[in-house]
Structures are given as structure tokens and as C-alpha cells.
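The values are calculated or read from the model by the stated rules, or taken from the named source; none is laboratory data. No experiment lies behind these values; they were computed from the predicted model shown. Cβ atoms come from the backbone with ideal geometry, glycine included; neighbour counts cover every protein chain shown. Ligands, DNA and RNA are excluded from the accessible area calculation, which covers all protein heavy atoms including side chains. Shrake-Rupley method; radii C 1.70, N 1.55, O 1.52, S 1.80 Å.
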Amino acid sequence: MPPDTHKPRRPLLSSNSLWRMKSYLRPYATRLVFIWLAAIVGIGAGLALPLISEQVIDGPVAHGDSAGLLPLGLLAVGVGVVEALLIFFRRWAQVKPVLGLETRIRDDLYEHLQRLPMGFHGDWQSGQLLSRATTDLSTIRRFLGFGMLFLVMNILQLITVTVLLLNKYWPLGLLVLASSVPIVWTSLRFEKRYIKISRQVQDEQGDLATLVEESALGIRTIKAFGRRHHVYDRYDDAALKVYGSSMSKVRLSAKFFSFLEIIPNITLALVLLLGALAVGSGALTLGALVAFTTLMLQLVWPIASLGYILAMGQEAMTSADRLMEVMDTVPAIEGGTQTIERPRGHLRFEGVGFRFADADEPVLRDVWLEVKPGETVAVVGATGAGKTTLTALVPRLLDPTSGRVTIDGQDVRDLKLTTLRQVVATAFEEPTLFSMSVRENLMLGRRDATEEELAAAIQTAQAMFVYDLPWGLDTRIGEQGLSLSGGQRQRLALARAVLSRPRILVLDDTLSALDVETEALVEEALRHVLREATGIVVAHRASTVLLADKVALLRDGTITHVGQHQELLAQVPEYRELLAQDADFDGASEGALR
Amino acid sequence: MTTTTTPPPPNASGTASWRGVASEDQDELPEKVSVLLRARSRRLLGNLLRPYRKKITLLVGIIVVSNAAGLSIPFLVSIGIDSGIPPIRQGSGPSVLLTVVGVILAAAVTQAITRQAFLRLSGRIGQSILLELRRRVFDHFQRLSLSFHEQYTSGRVISRLTSDIEAIAELLQSGFDALVKAVLTMVGTAVLLLVLDVHLGLVALVPLPLLLLFTKWFRRQSAIVYRRTRETVALVIVHFVESMTGIRAVQAFRREPRNQEIFQQLNDDYRGANARSMQLGATFMTGIKLIGNMTIGGVLLYGGWLALHGEVKVGVLAAFLLYLRQFYEPMQEVSQFYNTLQSAGAALEKLSGVLEEEPSVPEPREPAALPPGGARGKVRFEGVRFAYVEEMPILPRLDLTIPAGQSVALVGATGAGKTTLAKLISRFYDPTEGRVLLDGVDLRTLDEPTLRQAVVMVTQENFLFSGTVADNIRFGSPDATDRQVREAAKAIGAHEFIAGLPDGYDTEVGKRGGRMSAGQRQLVAFARAFLADPAVLILDEATSSLDVPSERLVQRALRTILADRTALIIAHRLSTVEIADRVLVMERGEVVEDGPPARLIAASGRFAGLHQAWLDSLS
Ligand SMILES: Nc1ncnc2c1ncn2[C@@H]1O[C@H](COP(=O)(O)OP(=O)(O)O)[C@@H](O)[C@H]1O
Ligand SMILES: Nc1ncnc2c1ncn2[C@@H]1O[C@H](COP(=O)(O)OP(=O)(O)O)[C@@H](O)[C@H]1O
Ligand SMILES: [Mg+2]
Ligand SMILES: [Mg+2]
């Protein structure tokens, strides 16, 4: 099976995205200037040491001048201390901008993601989003924080040293300069191939991670069918793929890194040869040759790391693109500007149609439904009729593709999202609990709820079991905490919705996992809640339908009938089929009950 | 354990109250993060390395040669300066110089070749170990019993198999090479310095104790900082992922501002931890650099003085200056990958812990066979006692026989033990006492394939794997033909909606089956179970999201297709019970009523009451 068919396409590379990140560095401008200065002076100090050595050898040592030795030696120590201190200040000063950048971008990314609608989140695995918030951001941080600095420093160092060398003895300088040509050329080529293979490894690892996720979340199903070997084989195939590409990556870097080391060494040998000859012929002093070789060795690392840093820069660009791909997604659902002072909860669907982007047929078409303030409507329909979709249109988790939904006469799209979602609360059929305390989970929609209100909501949803948890309301639940049964989770979701005291309460098949007795108790309590609010109740059972003042039958994507339960039962065969338990219980069931 | 009877006091230190309290903090970093591995990690490591013993020996040989070649180059340069130049000056030609240069070139080539060999070989060994580790851990997780998974949680399984393995990969990829290089360079350089000139060499090595002390300090600090970084980043990740997976609830309940507040706080904590880590790194690097530079200065002074008095040659002094740089450079890198080393150590620790877990429901050594002709489906509980936690038996003592082919409805309030009973039949757990028999054979003696072919359980939490609808239906019986898949879907009334999907049976179900409604997902899960055609089928509240006619279709299919199969049906809606031959009413782990539905209704017991309540609810 293709593990991830929804993988978004990557746009072409562009340094543009990375460049756009610079605004995050603006608050640290002065600091950055200091850092760059410190870096440049640091290079100077680093280069001074070999030059001082040269002085020592050609001066005091050559002339037997012991008095001249001490000042030069002390100077070397002093320069060494200065270099170290500069490094210290630079690194220390870097902490703030580098981490500030990362933290701010992550905050912004999170904020943006929270604004993106359900449609977006349905397409993106959360793992992909996470890798943007962690791996990609670190890559960007590393490059903007260190890589770029090193890149410029290395180039500066390269230029300075080359100039120094040329200045000292130009034939050797030229030789060194020439030796950097193959290195730069190979680096650039290597980098291209390296990025390609790295990305391949990254993608394959992503696929592997998807398989891991499924094998963990679906463990019950796998065990129930005894399909351990099948799942293992699929994983093994993917792991072998990762192995194969990783090996290609290893081979490529092995070749490249050994190449990077041999060139400077060969150059060194040639420098020694020509340099010694020059010293022999008196064109060069001994000290200068020593300084030359020292300086040359100092070049090895900057040159060798050039390829690395360039690769890092490329990766950072890719990461920035990946990040910007998300950041540039305009939320398809944005709030309006209107507010409602005193919402009455008058809900109307006016010729509403809805089609999922990748579907041929609309799920809903021309839906008309009115729910007056305080009224409760039960929505009844077969499995997959579109009930959940219909309820998602009210708090604008989805937007209709035609027609409109209004509350108190205002199109929901004109309302501020906060206003709208304060008016509407939904208990979803598949309850979501977060790894937080029970209390925090319940107060999701209303942080200022009092203890009494909390207790009342728990009572309404018959979720008193929470008091028996090891730490009562402070017990952590969810993935990282205590696990609860389906029925328990549903009751918490219900309590959460009730607690936020909405004008419009939507219950999407919220009682399905409860046993009959609990259900009766919950329904009794809900009756009170629904008296005060406008309600939409998705139901399969007659008992739940009876919570409502009227019933709407959803069939073939539209609402075909609205009326009283008994009325519909008597007049509409489709309705009878859906709800009356014994209506056409076929003869095949010589039901023991009869 | 997730369930503790005596809760320890809430962990006050720094844990924000919104997180709530859990019995143990689950991000189990080993008590002391240390690069010195504990016994079980060492065992695992040894075990993983064993097949490569020969290759590793070869690797050591290669690396020694490679480093010797690399280290010899500055030394050779100094020889070239000291012995190659004087003959030229004296006019006796550059033959010595040429020899030295030739040797340098040879050394350079040797180094390049051996280095490439080293990188390839170590890469191969590393990747093979990684592959082996992935396979082992994955397979082991799949082997471990459900009881383990219920406690361990899927989140931790996922991070073992992703981030922990990656931590080890990271070490193998970058850290290992750097470590080996650093150690060998340092040792090699120290030796060379002493060989070059004992006197000057000793002076150059004077700061060594200081260096070691400093490194020790760094290691200790870094363990603390590292721990803090891991803890903070773990919280950032959990919060991020949960907000994204639960985005529907987040948006519907206007949770965004509060989430943002929490996230920024966590993100800021992470920043703080990271800042400390970077500052520590900066301090360490500077310290090393300072010591290094001072040493170079000192050597220049002292060496210059010695050279001045002719006690040391200029070339030797030059070599010293070159080597000293090499000596300190890798030390700085050590600070970079020390974190990698720590992560990998911690990861190995956790992985070895998982690998040492034993399945609580083990496979039999010598599997028994079912009667010839396959399972018939007779289930028997003999004196079964079961407890999740020793003190609290859920099933005190159960004796029960379900003849082959019977369909049994199991009813009772939430928490009565219905699911537990079903899990015993499907051997997700073993009874604490007594035994469960299938066709007269103890489940404990059946091997997994046999058992799973005979018994299938469908629960409320059905899971759809990424792939097409057909793939998912075929999950339990991979050899089924397209026609059989279709037949199974038809039988339970799922065909119509599947055929209506854009690509019919070949439609991708989307992330966790998100393309389908909750009820449709249940139908697919049913089709899967029906296609598997087990002798015993267990449905645990598996019809809850279906509308009544769909549910009835499923039941009809149960009666027709699986007419001669044993079925155990747990449901709250008593409509399900109508098709049952027999009803069991459970209360606190005991069967309190047992008989055909009609008889139980006629009597005035628990079931009659339930039934009346249900009828009332239909009104
Ligand atoms: N994300 C999606 N993409 C495409 N189709 C979808 C998606 N979600 C649901 N559907 C389809 O829309 C229809 C209505 O689904 P839903 O509203 O969940 O039904 P229900 O009435 O059972 O709540 C179903 O046929 C389902 O397959
Ligand atoms: N994994 C578990 N660990 C500890 N206790 C459990 C576990 N699963 C269920 N229980 C407890 O066992 C009892 C019976 O649970 P269960 O069999 O799920 O009941 P039912 O299916 O009838 O609602 C309950 O009190 C429940 O809290
Ligand atoms: Mg639904
Ligand atoms: Mg149960």
C-alpha cells in the first residue's frame, strides 16, 4: 500500500523562502553586527599566530637574540587569549538571536497551523507538520545561526590567507590558489548529489515512520487477525529501502571526504618541495616556509568545510521552502467581523450544499432547515448520509460549497470565529482527549467555569467516574496518561460541550457507546440543558430522537422530511425503516422475542 | 503500571497544573544519563556487534593505518625542512627533499584510500546494525502482548521506533567517525610530540591534567543540561502533535489562545534549556581554545629559546606548532557530538529495556493441534479467575460452555467484565487461574496462526490502515479474491457505499480512514472480520455507530454466512439480542442469568428489566 498518498508536492528550490526568514533576525541587529565583528577580528587573531612564529624563527632564533624572544612569545600568548575571548563572546552573543529566531518561527508556525481549517489537517499527517516544526527549523537555525557565519568567515579566511601567501611568495600562493579549484568544483557537484540522496533517505524514513505509527495504533487489529508477519514484512521492505539509500549516501560521502583530504595534503607536499627549493636558492626564508606550511594547514579545514556548509545551506533552503509551503497556505476559513451581542440561537440552513474537494458527488445539496431559538432538532439518516458533515458546517469546521448557514439572521461567514464558536459547541462522535488533566480537558471551551458548573456538567454527562480516578480531576488522561474506555471518553466529550454553555449545542451521535441505563440518565439530564439552548442531535435511536422537538430526515444528501417523531413514523416509510426497531424486521429473524 | 492504588503526591516541581498528574513520568529517561552504558545496554550492544567481530578488527587496522598516515605528514614536513634544505643550501641537490616529498605523497594517498575504506566499512556495519535493530525492535513490539501495549501506550512505541533509532543512527553516521578520529588523533599526537622531542613534548603536555579536569566538569554539566533539553523538547512535541491531531476540538472550542499560551511557554522552556546548552558549549570550546593557544604560545617561547640555543631544530619546532593545533581541534568537536553520544546512550537504554520485556501471553513451545478439519468453535471456561491487578479480580470464578455454532449475546452494565471475558477468548490475556478451551484444547497450547484463524474479535476501536478499501477488507485474509472481498461487503451491506466512492474498492481510505464516516469505517471493519471467516466471532460493541437497518443487515449476515459459527455479541442495543440463541447477563464478573432470550424475558430477572427499559426507550 502506498503509505502516504497525501504527501504534498514540494515546490522547486528557491533561496527566496530562506531570505524571508531574515525579518526574524531584525530585533537582534546590533548584536549581529557585534558577532560579525568579533568573527572577523577572531580570524585576524588566528592568522597572527603563525605569523608571529615566523618572526620568532626568522628573528631571535636565526640571530641568536634571546632578548627579542620574550616580547614575541608574550605577544603570541596575548593574541591567543584575545582569540579565545573573542570566540567566547561571539558564541555567547549568538545564543540569543539563534534561539530567538527558532522559537519565534515555531510559535508563528504553531499559531498559523491552529488557524488552518480541517480540510488542511485532513491532508497532512501530523508527523509531517512536526518535522517542519523540529527538524526543518533546526536546519534553518543551524544555517542562519552558524553556517552562514562560517561560510563568510571561511571565505574571508580563504581570501586573506591566499593574499598573505601570494604576498609572501607568489608562486606558492598561486599553487595553493589553484588547489582550491578542484575542491570547490567537487564540493558543488557533491552537494547536489548529496542533497538528492539525503532527501530520498528522508522520504523513505517518513514512509517507515508512517508504518510504525500504524503498527502501533492498529495493534489490536493486527493482533485480532494474527497478521504480525504481514505487518512485519511490509515494515521490513521499507527498512531495507532505507538501508539501501543510506548505503548510497555512505558511499558518496566516503568518496567525497577522502577526496577533500587528499588535495590539501598533496598541495602541502608540493609547497614543501617548491618552498624548500626556494629556501635553498634564498628566495624564501626558513621562517617564512614554516609560516607558509602552518598557514596552509589552517586552510585545510575552511576549504574542506566549504562543501559541508554549502550543503547545509541547500538543506536550509529546502527546509525554508517546506516551512513556507505551510506558512503561505491561506486559511480557507477565516472569520468575519460581525459579532452577536445577545445570541438567541436561531439557526437556519439556507439551500446548503457541500462537496469534499476530492469527491465527484456532493455529500449535501440544497439543505433547508430552520431551528428556532430553544428548539431541538434530531437529525436522522443512514450511515454515511452526511449527518456529521452537516453539523460541521455550523461552527465552520467546514464551509458550505453553496448556500449559507445563518445564526440569528447573520451568515456564519460574517461572524468572528470566536463569536461563532462561542455560540456553538459540539460533542463529537469520536471524542478527542488531550494529554492533560481531566479538568483542563473539560474546560477546553470555557476556562472560567466554576467548580459548581464543572460538577454539574459531569453530572449531566454521567461522568462521575472521574472522581474515582487516582487523582480525581487532576488525573492526566489521553495518550500520555490514563486510558479510558469508549463510553467514558464519550461522556467526557459530552460534559465538555455542555460545560461551555453554548446557545447552540450539537450532539453528534454522542450516546452511542453508553449502556441503556446510563443513556437514560444522560438523556434525562440533557433534557434540562436542551431546554435552554438550541439543539441539533444526531441520533440512531428512538430514545435519543425523543430529546428533540422535531425530527429532520437526511436522505440522498438533503433533508426530505421535517416533523414530529410519531408523525414521520406513521407517514414516511424511509423513516420508519431507520428508526422503528420492529417495523420491517424481516421474517428471516424468527426473533426469539416474538 | 498505569493504575496505582496509592497515588504519590502530585509532582509539584515545575509541572504546570494543566498537564495533570500521571503515576510515573512516562518519558523515561534513565535515572542517570551517562555514556557509560548499563549492563543490559552493553549486552544488547555486544549482541548487535558480535556478527561483525572480524570486520571490526579489520576496521581497527584500517583506522590505525589511516591515522598514522595522516599524522605522519606534518612530521615528514619537519623532516623535509630540517634534512631536505641543508643539502640544497650546500649544493648537493634535492634528492633528500625529493624522497621526503615522495613519502609525503605516498602517505597522503594511503590516508585517502584507507579513510575511504574506513568510512565505507564503518558505514556498512553501522547501517547493518541499524537495520537489525529496527527489525528486532519492531518484531518484538509486535510480539508483545496487548497488556503490554495497553500500558506502554502507542506514543511511546512510536518514539522508540523513530526518534530513538534515529538517535543511534545519528551517532553511527556522524558521531562515531568524529569520536574515533578525535581519540586517535589526540593519542597519536601526544605520542608523536614526545617522540619528536621529549623535553618540548612534556612541556606541551603540561596542561593535560587541566584539560581532563575541565572535560570532566563539562561532562557532568552537560548531562544535566542534556536531560533538561530532552524533557522540554518532549513536551513541545507532545503538545504540538496533539494540537494537530485534535484540531477539530481545538477549533470548535476556541482553544487556540490558551494553546498558544501553553505552547509559547513550553517553547520558551525549551529555548531556555537550549540556551544553557549552547552557553555550556561556548564555555567549553573557549576553554579548550584558551588552553590550546596558551600552550602554543608557551611552546613557541620555550621552543624558540631551545632552538636559539641549538637544542632543538627549527623543523621540529614547526612540527610542534602544527601538531598542537591538531591536538586541540578535535577536542572542540567533542563538545559538539557529546550530546549525540548521550542521546544514543539513552536510546539504547530504552530499546534494550523494551527488548527485555517478555510477552505475558507467550507462544507455546510445542503447539497443540485442533481436531482435524479445523476449529468447530466450542468455547469452554473452566474455573477461570482473572485479575488485571492482583487484588482486584474482575472475574472471580467463571465456568461456562458455549457449544459450537451458538450465538450468544452478552449484556450487562459498563464495567461488568464483558470485554474482559471476550479478551480471554481471543487470548489477549491469559486467565490467572483455570483455563479457556477451544474445542477442548487449552488456548495456551495453540500457536498464534491457528488461534487467530479460529477466533476473531471486532471492537469499537477499529483501525483502518492506509491503503485502499479492498486492502483493508482483505487484511485478515490476504489470499481472498476480489470477488470474495465484494461478497463480504455485500453481505453486510457495505457494498453500496463502497461502490459509490470515487474509485470504488480501490479508493484510498485516507489518514486513519478519514475519508469515511464513523459508521462506514465500522462496516469496513465488519467486512474484514466476515471475510476472515473465523470459527468464533466476537463483536464487542462493534455496531455502535451504525443506523438500525445497517446493524440489522450485519446481524442477518451473521445468521446466514456464519450460521454454523460461534458468535459472541456484546451490545447495548438489545435489538442485537434478538438474533441470539442465548443471553448471558453479567454483573460484577459473574454470569447472573443465562438462557434463551424469550425465557429470560418471561422470567422477571435482570434481563427482563433491561428489556423493558429498552422497549420504553423505543416508545
Ligand atoms: N474527508 C472526506 N473526504 C471525502 N469524503 C468524505 C470525507 N469525510 C466524509 N466523506 C464522505 O461523506 C459522506 C458523509 O459522511 P458523514 O457526514 O461523516 O456521514 P454520517 O452521516 O455517517 O455522519 C460519506 O459518504 C463519507 O464517505
Ligand atoms: N487494562 C486494564 N487494567 C486494569 N483494569 C481494567 C483494564 N481493563 C478493564 N479494567 C477494569 O475491569 C473492569 C471490567 O472492564 P470491562 O471488561 O471492560 O467491562 P465491560 O466491557 O463490561 O464494560 C472495569 O472495572 C475496568 O475498569
Ligand atoms: Mg457521523
Ligand atoms: Mg466493554
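Points worth noting:
Each row is one residue, and each column tells you yes or no for (1) in contact (Cβ under 8 Å) with a residue 40 or more places away in the chain; (2) within 35 Å of the chain's Cα centre (by Cα).
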| position | (1), (2) |
| --- | --- |
| B:445 | yes, yes |
| B:462 | yes, yes |
| B:472 | yes, yes |
| B:492 | yes, no |
| B:523 | no, yes |
| B:530 | yes, yes |
| B:535 | yes, yes |
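- Residues of the stretch A:370-424 satisfying the condition of being of a type in the set (A, V, I, L, M, F, W, C), in a helix (DSSP H, G or I) and within 11 Å of chain B (Cβ to nearest Cβ): A:392, A:417, A:420, A:423
- Boolean, residue B:360 is among the polar types (S, T, N, Q) and at pLDDT 90 or above: no
- Any chance residue B:487 is more than 16 Å from ligand 3 (Cβ to nearest atom), open to solvent by 40 Å² or more (accessible area, probe 1.4 Å) and within 11 Å of chain A (Cβ to nearest Cβ): no
- Looking only at residues in the stretch B:394-420 that are among the polar types (S, T, N, Q) and within 11 Å of ligand 4 (Cβ to nearest atom), the one that is farthest from residue B:459 (Cα to Cα) is B:414.
- The stretch B:163-204 - residue that is modelled with pLDDT under 85 and among the hydroxyl-bearing types (Ser, Thr, Tyr) and, of those, farthest from residue B:230 (Cα to Cα): B:185
- Residue in the stretch B:416-424 that is open to solvent by less than 40 Å² (accessible area, probe 1.4 Å), in a helix (DSSP H, G or I) and among the β-branched types (Val, Ile, Thr) present: yes
Residues checked against (1) within 14 Å of chain A (Cβ to nearest Cβ); (2) modelled with pLDDT of 90 or more; (3) outside any helix (DSSP H, G or I):
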{"residue": "B:41", "(1), (2), (3)": "no, no, no"}
{"residue": "B:58", "(1), (2), (3)": "no, yes, no"}
{"residue": "B:72", "(1), (2), (3)": "yes, no, no"}
{"residue": "B:78", "(1), (2), (3)": "yes, no, no"}
{"residue": "B:103", "(1), (2), (3)": "yes, yes, no"}
{"residue": "B:108", "(1), (2), (3)": "yes, yes, no"}
{"residue": "B:112", "(1), (2), (3)": "yes, yes, no"}
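- Unmet criterion (only one of (1) in contact with a strand residue (DSSP E or B) (Cβ under 7 Å, 6 or more places away or on another chain); (2) surrounded by fewer than 19 Cβ atoms within 10 Å (Cβ to Cβ); (3) within 7 Å of chain B (Cβ to nearest Cβ)) for residue A:429: (2)
- Within the stretch B:59-97, considering residues that are loosely packed, with under 15 Cβ neighbours inside 10 Å and of a type in the set (A, V, I, L, M), the one nearest to residue A:285 (Cα to Cα): B:64
- If only residues of the stretch B:553-572 that are away from ligand 4 (no atom under 16 Å from the Cβ) and more than 20 Å from residue B:485 (Cα to Cα) are counted, the one that is surrounded by the most Cβ atoms within 10 Å (Cβ to Cβ) is B:566.
- Flag set for residue A:397, criterion: within 16 Å of ligand 1 (Cβ to nearest atom), open to solvent by less than 10 Å² (accessible area, probe 1.4 Å), within 24 Å of residue B:257 (Cα to Cα) and not small (Gly, Ala, Ser).
- Considering (1) in a helix (DSSP H, G or I); (2) buried (at least 16 other Cβ atoms within 10 Å of the Cβ); (3) not assigned by TED's automatic domain parsing to the domain that holds residue B:321, the lone condition that residue B:172 does not fulfil carries the number (3).
- Residues that are open to solvent by 10 Å² or more (accessible area, probe 1.4 Å) and either outside any helix (DSSP H, G or I) or within 12 Å of another protein chain (Cβ to nearest Cβ) (or both), drawn from the stretch A:305-318: A:308
- Within the stretch B:421-442, residues that are within 19 Å of residue B:146 (Cβ to Cβ) and in contact (Cβ under 8 Å) with a residue 12 or more places away in the chain sit with their Cβ atoms under 7 Å from residues that are of a type in the set (Lys, Arg) and within 14 Å of ligand 4 (Cβ to nearest atom), at 6+ positions apart or across chains, in these pairs: B:429/B:423.
- Taken residue by residue, the stretch B:206-213 has at least one member that is part of a helix (DSSP H, G or I), surrounded by fewer than 17 Cβ atoms within 10 Å (Cβ to Cβ) and at pLDDT below 90.
- Set A:412, A:423, A:438: member being in the same structural domain as residue A:511 (by TED's automatic domain parsing), within 28 Å of the chain's Cα centre (by Cα) and either buried (at least 22 other Cβ atoms within 10 Å of the Cβ) or modelled with pLDDT under 90 (or both): A:438
- Some residue of the stretch A:353-367 being more than 16 Å from ligand 4 (Cβ to nearest atom), of a type outside the set (Asp, Glu), within 12 Å of residue A:552 (Cβ to Cβ) and in contact with a His (Cβ under 8 Å, 6 or more places away or on another chain): no
- Number of positions in the stretch A:349-369 that are more than 14 Å from chain B (Cβ to nearest Cβ), open to solvent by less than 70 Å² (accessible area, probe 1.4 Å) and either of a type in the set (Gly, Ala, Ser) or more than 16 Å from ligand 3 (Cβ to nearest atom) (or both): 6
- The one condition from (1) open to solvent by 20 Å² or more (accessible area, probe 1.4 Å); (2) within 21 Å of residue B:156 (Cβ to Cβ); (3) more than 7 Å from chain B (Cβ to nearest Cβ) that residue A:248 does not meet is (2).
- If only residues of the stretch A:502-520 that are modelled with pLDDT of 90 or more and more than 16 Å from ligand 1 (Cβ to nearest atom) are counted, the one that is nearest to residue B:541 (Cα to Cα) is A:505.
- Only listed residue being away from ligand 3 (no atom under 16 Å from the Cβ), in the same structural domain as residue B:613 (by TED's automatic domain parsing), open to solvent by less than 20 Å² (accessible area, probe 1.4 Å) and over 23 Å from residue B:556 (Cα atoms), chosen from B:427, B:444, B:397, B:385: B:427
- Yes/no for residue B:516 being within 16 Å of ligand 1 (Cβ to nearest atom) and either under 30 Å from residue A:121 (Cα atoms) or buried (at least 22 other Cβ atoms within 10 Å of the Cβ) (or both): yes
- Remark: pairs (first residue in the stretch B:74-100, of a type outside the set (A, V, I, L, M, F, W, C); second residue open to solvent by 60 Å² or more (accessible area, probe 1.4 Å) and not in a helix (DSSP H, G or I); Cβ separation under 6 Å; 6+ apart in sequence or on different chains) = B:82/B:313.
- Hits in the stretch A:492-545 (condition: within 10 Å of chain B (Cβ to nearest Cβ), in contact (Cβ under 8 Å) with a residue 24 or more places away in the chain and within 16 Å of ligand 2 (Cβ to nearest atom)): A:511, A:512, A:513, A:514, A:515, A:518, A:519
- Residue that is nearest to residue B:573 (Cα to Cα), among those in the stretch B:421-447 that are within 11 Å of chain A (Cβ to nearest Cβ) and within 16 Å of ligand 4 (Cβ to nearest atom): B:422
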